[in-house]
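Enquirer: Got a structure for you, questions after.
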Amino acid sequence: MRDLRRITLIARTAAAPARSWDASAGAANRLIFVDSFAILRGALDHASADVDRLFIDGAATEGEFLSLLTTLPRDFAGDVLFVSDEEHAYLSTTGRAGGRLLYAMAPEDVRFYLDAQHLVKKEPIAA
């Protein structure tokens, strides 16, 4: 049976922080992990219609991230979340006028985004 969920492409390094990804069959998103930033770019070129967002977690430089934003397929309307290190992250989204917007994000913003997009498992609330 074909998986009809939208895809989140994730390129991360071994040094990236551990995250409790929700890659279960019942998850809202289909998570696909790639080994490198170059593979992520190639995968996006072949399946941009099915990709909802890109998450680059330490797997690229700031320059590579900006280069990616300038060469995204025209029909790609998804988010691009770039985490450089524990303190620096940026989110690129589409704007109403058709261009892209860029937001600086704090670590708690990244956690909120991943949770709000149902990309990570819910953390139990301590009593």
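Just so it is clear, none of the values below were taken in a lab; they were calculated from the coordinates. Quick caveat: nothing in here was measured; it's all calculated off a predicted structure. When we count neighbours, we look across all protein chains shown, and the Cβ atoms used for this are built from the backbone with ideal geometry, even at glycine.
Enquirer: Look through the stretch 1-17, keep the residues that are of a type in the set (Lys, Arg) and touching a Gly at 6+ places or on another chain (Cβ under 9 Å), and return whichever of them is surrounded by the most Cβ atoms within 10 Å (Cβ to Cβ).
Expert: Among residues in the stretch 1-17 that are of a type in the set (Lys, Arg) and touching a Gly at 6+ places or on another chain (Cβ under 9 Å), the one surrounded by the most Cβ atoms within 10 Å (Cβ to Cβ) is Arg12.
Enquirer: Separate question: I'd like the residue in the stretch 90-101 that is within 13 Å of Gly78 (Cα to Cα) and hydrophobic (A, V, I, L, M, F, W, C) and, out of all such residues, is surrounded by the most Cβ atoms within 10 Å (Cβ to Cβ).
Expert: Among them, the one singled out is Leu91.
Enquirer: In this structure, is Phe112 free of Cβ contacts under 8 Å to residues at least 60 places away in the same chain and either surrounded by 19 or more Cβ atoms within 10 Å (Cβ to Cβ) or touching a Lys or Arg at 6+ places or on another chain (Cβ under 7 Å) (or both)?
Expert: no
Enquirer: Let me ask you something else. Restricted to the stretch 74-89, and to residues that are free of Cβ contacts under 8 Å to residues at least 24 places away in the same chain and of a type in the set (Gly, Ala, Ser), which residue is surrounded by the fewest Cβ atoms within 10 Å (Cβ to Cβ)?
Expert: Here the residue is Ala77.
Enquirer: How about the stretch 1-32: which of its residues are among the small types (Gly, Ala, Ser), in contact with a Leu (Cβ under 9 Å, 6 or more places away or on another chain) and under 12 Å from Ile56 (Cα atoms)?
Expert: Ala11
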